[in-house]
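Here the structure is laid out as C-alpha cells; the discussion comes afterwards.
The values are calculated or read from the model by the stated rules, or taken from the named source; none is laboratory data. Every value quoted in this text rests on a predicted model; they were computed, and no experiment measured them. A quick note on method: Cβ atoms are made from the backbone with ideal geometry, for glycine too, and the neighbour counts reach across all protein chains shown. Ligands, DNA and RNA are stripped out before the accessible areas are found, and what is left, the full protein with its side chains, is counted by its heavy atoms. Shrake-Rupley method; radii C 1.70, N 1.55, O 1.52, S 1.80 Å.
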Amino acid sequence: MVYVPVVSVGSIRPVLGDDEIRLRESPYENCIESSCLLPFAPGSDIYYRPCKRLRVTAPFIITREERKVASVFKKKQLPRSMDSLPDECLFEILRRLPRFQDRSIASCVSKRWLMLLSSIQTSEVVDEQHKRSELLRSSMSPLPDLNQAIPFELEIDSNIESGGYLTRSLDVDEATDTRLAAIAISAAGHGGLGKLNIRGCNSTCKATDVGLSAIGRLCPSLHSLTMWKVPLVSDAGLAAVADGCPMLENLDLSQCPRLSDNGLIAIAQKCPNLKSIKLDSCSGIGNDGLQAIGRYCQKLVSASIKDCPLVGDKGISGLVAAASSSLMKIKLQNLNINDVSLGVIGHYGKALTDIHLIALENISERGFWVMGNALNMVSLTSITISCCPGITDLGLEAIAKCCPQLKHLYLQRSCNITDTGLKGFTRSTSILESLKLEDCSMITLHGILDGLLNCSARFRSLALIKCTGIRDITYYPNELPTCLSLRFLTIRDCPGFTSSSLAVVSKLCPNLQQIDLTGLVGVTDAGFLPLVKSSESRLVKVTLEGCVNISDASIAALVKAHGSSLKMLHVDGCNKVSDKSLLAIVANCSVLEDLDISRCNVSDIGVAALSSAEKLKLRVLSLAGCYGVTKRSLQFLGKMKNSLEGLNLQQCKLSNAHGIGLLEEKLWWCDILS
C-alpha cells in the first residue's frame, strides 16, 4: 500500500512500499493517456502507478450465518430484464416503435406491455427515424424482397367492410379491458376499427373505462359503437371515445346504468357527425343529454329512446325541435311523456318519415289529435302505434289528413279503434300501401271490407293478427270491393275467421301472391279450394301452419295450379297432410325451395319420393315431429346433397346416432337439427 504524504514544493520523501514514486516524469509517452496525474503545485507533478488489490489464492472460508444472509439476498435480487424497468421508462421505449406491426407484436409479450401500448396516443408515437427511412426508401427504387413475409396491413380480413374498416364483436365473457386493448392496437394496422359491438351481461361483463379509453385513443376511425349490458363503463369511458373518435355516426347504448347526461353531452359536443342514437334502459340519462344531441348533432337522422325513466317532455321536445331539419326516424317507447311531446313532433316533424309510438300510457286522445292537426308532417310515410290507449278514431283520422305521403300503418293493441275510424282513415289516405292490425278487438270484417273499398290502386298488403272481432258475417254490402292490387294477405290467429269468410276473400283478391293463414282452425278444404281456383296470379308463398282441417286435397290442388311458381310451402301441424301431398309436390313443383311438413302424417315413402325428384331442388326441409319418418329415411336424405342447406329432424324416430353422423358427413355444409 502506498502513502502519499503532504509535501512541500520540490521535496518528496518516499515511504515504505514496493511502488515507485517519480517526479516530473511518467512511463507514458503521452500524458493524456494517464489519469493518475495529481498536480500539487504549479511547479511540481507527482505520478504513481495504479494500485490493484492482490489476488488471494487461499480458500475463502464462509460461515454458516454468512451463507444464510447470502441466500436471502440472492432470493431478493431481481432478474435483470426489461420487466424490472418502471412503467415510465418502458412507456418511453415502446412509444418509439414507429410501425403498427411492431407495436402489435410487442403487445403480445405480456399484459403489462399490452396495457402500456394501449395507453400511447397516436400523437405520442416517436417516428422521426421511420419518417427519414421512408423518405429515403421512397426516393430509391429497391428490388422486392421475396423472403419478406406479407405485412399485417396486406392480409385479407373477413371482417373488413367495403369502406376498409374492421368490425369487432365481444360477447359476454369476451368483453374485458384486455380484449379491448388488443383490438385497439391490432386494428390500427388494418385500416382502423369501424364498428365495435360489446354485448355483455350485467353480472359477468368486465369491460371498464380503461378498455374503452384505449379504443378512444387508438381508433379515430370508429363510426359505430354498440354497448349492451355493460355496467362498469361510466361517463369517463364515453368521454374518451368522444375525444378520440370524431367520426362516430352510430351510438347504441342499452342497460348501461353508470352513464349519465355528462357522457352524452361529451358525445354531442365532439362527434358532430352523429346520425343515429339508440338509448335503451339507461337509467342515468335524462333531458339534458338529449337536448345536447339535438343542439350539436345537426346530421342526426334516427333517434330511439326506450325505458329511460329520467327522459321527459323537455328532452324529447328539445331533441325534435333542434334536429327538425334532419331527423327522419323517431321511436319512443315506455317513456314518461304526455301530449306536449306529440304536439312538438307534429309541429317540427317536417322531415320525419317514420314514427314509432309504443307503450305511451300518459298520452291522451288530445295528443294524437294535436299531432295530426299541426299539418307539418308532410314527409311521413310510415307510422306504428302500439299499446297507446289514447289513440282513438278521432286521432287516427287527424293523422291521415295531415300526412299526404302516408303509405304504411301498423296498429297494435289499440282497443279504441273501431270500424268508423278505419273507414275514415282509408278514405283520407290516397296512397296507402300496407295495413297491419294486431290485437284490435273492435275491428270487424265489415270495417275491413269498407277499408278495401276505399283503398287506392297502390294497396298491396293486408295483415290481420289476433283480431278477435274478425268473425263470419251473414250480411255483405251490395257492392263487394275488388282489390286487384292486393298481393300479400295475412290472417293469423283469428278464431272467428272460417271457411265462409275465406271464400268471400277469394272473390275480393284475385291477384294474391303470398298467403299466410296460420292458426285458422276453422278453415277447411271447402274454403281454401275456392281461393286456389280463383287466384289469377301465381302463388309464390303459402303458409298453412296450424290449419288442422286442411287435407291432401287442398295441397294437391294448390301444387297442381301453382306448382310452377310456388317457392315456399309451410303446413306445420296439418296432421291430415300425408305422403299423397308429397307425391303431388314431386310431380308438379319445379321451383320449390322451402318445405315445412313438421308434425304431418308423412313417412319414409314420402321422403324417398322427395329425394328421387329430379326437378325439385329443396334448400330447406323440415320434418320435425314426423313420427312416421324413421332411420330408413337417412339414406334418402343423403341423396339430396346437391341442394339441401337446412334440415330439421327434431323429434323424429331417428335413434341411430351413427346414421346421423354419416348423414352429417355427406351433408357437411348443411345445417342439421336432430
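Any idea what the dipole of segment 591-674 comes to, in debye rounded to 20, about its Cα centre with Lys/Arg Cβ at +1 and Asp/Glu Cβ at -1?
Details: 10 positive and 9 negative charges, 52 e Å.
Here the size comes out at about 260 debye.
If you add up the charges near Ser499, with Lys and Arg at +1 and Asp and Glu at -1, over every other residue whose beta carbon is less than 12 angstrom from its beta carbon, what do you get? It would help to have the intermediate numbers written out before the result.
Details: positive: none; negative: Asp472, Asp525.
Around Ser499, the surrounding residues sum to -2.
Report the extension gain between Arg99 and Leu375 in nm, rounded to one decimal, defined as 0.36 nm multiplied by the number of residues separating them, less their alpha carbon distance.
Stretched out fully, the Arg99 to Leu375 stretch lengthens by 93.5 nm.
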Subject >> Contour minus Cα-Cα distance for Ser485 and Trp668 (0.36 nm per residue) >> reply: 61.5 nm
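Might you tell me the accessible area per residue for segment 533-674, computed with a 1.4 Å probe and given in Å²? Numbers along the way, then the final one.
Values: 6720 Å² over 142 residues.
Using a 1.4 Å probe on heavy atoms only, each residue of segment 533-674 averages 47 Å².
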**OP:** For Lys533 paired with Ser500, estimate the spin-label separation in nm (one decimal), with each label point 7 Å from Cα along the Cα-to-Cβ line.
**Re:** 2.0 nm
Subject >> Under the Debye formula (equal points on every Cα, no solvent term), log10 I(q)/I(0) of segment 345-424 at q = 0.22 Å⁻¹ >> reply: -1.01
Subject >> Cβ-defined net charge surrounding Cys600, 13 Å radius [Lys, Arg +1; Asp, Glu -1] >> reply: -2
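Please give the contour-minus-distance gain from Asp307 to Asn334: 0.36 nm per residue of separation, less the Cα-Cα distance, rounded to one decimal in nm. Intermediate values should be presented prior to the final figure.
On the way: separation 27, 0.36 × 27 = 9.72 nm, distance 0.53 nm.
Extra length available between Asp307 and Asn334 comes to 9.2 nm.
Calculate the FRET efficiency for Asp472 and Asn511 from the Cβ-Cβ distance with a Förster distance of 25 Å, rounded to the nearest 0.05. Spell out each step's value before the answer.
On the way: r = 24 Å, r/R0 = 0.96.
Given R0 = 25 Å and the Cβ-Cβ separation, E is 0.55.
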**OP:** Identify all lysines with a Cα-Cα distance to Lys507 below 26 Å; exclude those on the same chain that are fewer than 8 residues away in sequence.
**Re:** Lys407, Lys423, Lys436, Lys466, Lys533, Lys541, Lys560, Lys567
**OP:** Give the carbon-plus-sulfur fraction of the accessible surface of segment 538-673 in %, rounded to a whole number; probe 1.4 Å, heavy atoms of protein chains only.
**Re:** 50 percent
**OP:** Calculate how large, on average over all directions, the projected area of the Cα convex hull of segment 538-673 is; give the answer in nm² to one decimal.
**Re:** 6.8 nm²
**OP:** State the antiparallel share, in %, of DSSP beta bridges confined to segment 538-673, rounding to the nearest 5.
**Re:** 0 percent
Subject >> Lysine pairs meeting the criterion (Cα under 16 Å, 8 or more apart or interchain), as found in segment 163-311 >> reply: 9
Original post:
When the Kirkwood radius is taken over all Cα pairs of segment 163-311, what Stokes-Einstein diffusion coefficient follows at 25 °C and 0.890 mPa s, in µm²/s?
Top reply: 166 µm²/s
